[in-house]
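The values are calculated or read from the model by the stated rules, or taken from the named source; none is laboratory data. From a predicted model like this one, the values you see are computed outputs, not experimental measurements. Note that we place each Cβ from the backbone using ideal geometry, even for glycine, and neighbour counts take in every protein chain shown. To get the accessible areas, we keep the full protein, side chains included, count just its heavy atoms, and leave off ligands, DNA and RNA. Shrake-Rupley method; radii C 1.70, N 1.55, O 1.52, S 1.80 Å.
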Amino acid sequence: MARSLLARINALRESDTVKDIIVQPSFHFLKLGNKNGRDLEGYFAIDVKSRCEQWRVILQPLDENKNPYNPCNIDQIANIVKIVEISEVSKHYE
């Protein structure tokens, strides 16, 4: 699991924009929302290892001033977002 997490972090570092991550099918990029009392609007997740594992890297796209986009419409900003903040690695479905 640790190797897979480091590989995902390296992929994020090496990406020019967030679109480079979105187009990778093995990452299973997905938009998060409000669930179980957690407000995750504007956050996204990628799998740490695979769909079979429960662990996800939770990302938040940031602008050039390192502020979150509000609203965060990933379809409109995917080609320009160069910074993401990893806010957690978790079993966010729990």
Taking Cα pairs under 8 Å and at least six residues apart, what relative contact order does the chain come out at, in percent? 27
Among Trp55, Ala45, Pro68, whose Cα sits farthest toward the positive end of the charge dipole of the chain (+1 at Cβ of Lys/Arg, -1 at Cβ of Asp/Glu, about the Cα centre)? Trp55
For peptides 66-74, 42-50, 18-26, sequence by mean Cβ density within 10 Å, most packed first: 42-50, 18-26, 66-74
If you line up the Cα atoms of the chain on their principal axes, what length do they span on each, largest first, in Å? 33, 32, 20
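Per residue, how large is the accessible surface of the chain? Use a 1.4 angstrom probe and give square angstrom.
65
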Just to be sure I understand the model, the point goes 7 Å from the Cα along the line to the Cβ. What's the resulting Leu6 to Ser26 distance in nm? 1.6
Could you check how much of the accessible area of region 19-78 is carbon and sulfur, as a whole percent, using a 1.4 Å probe? 45
Within the chain, pairs of Lys residues whose Cα atoms are less than 17 angstrom apart, provided they are eight or more positions apart or on distinct chains, add up to 6
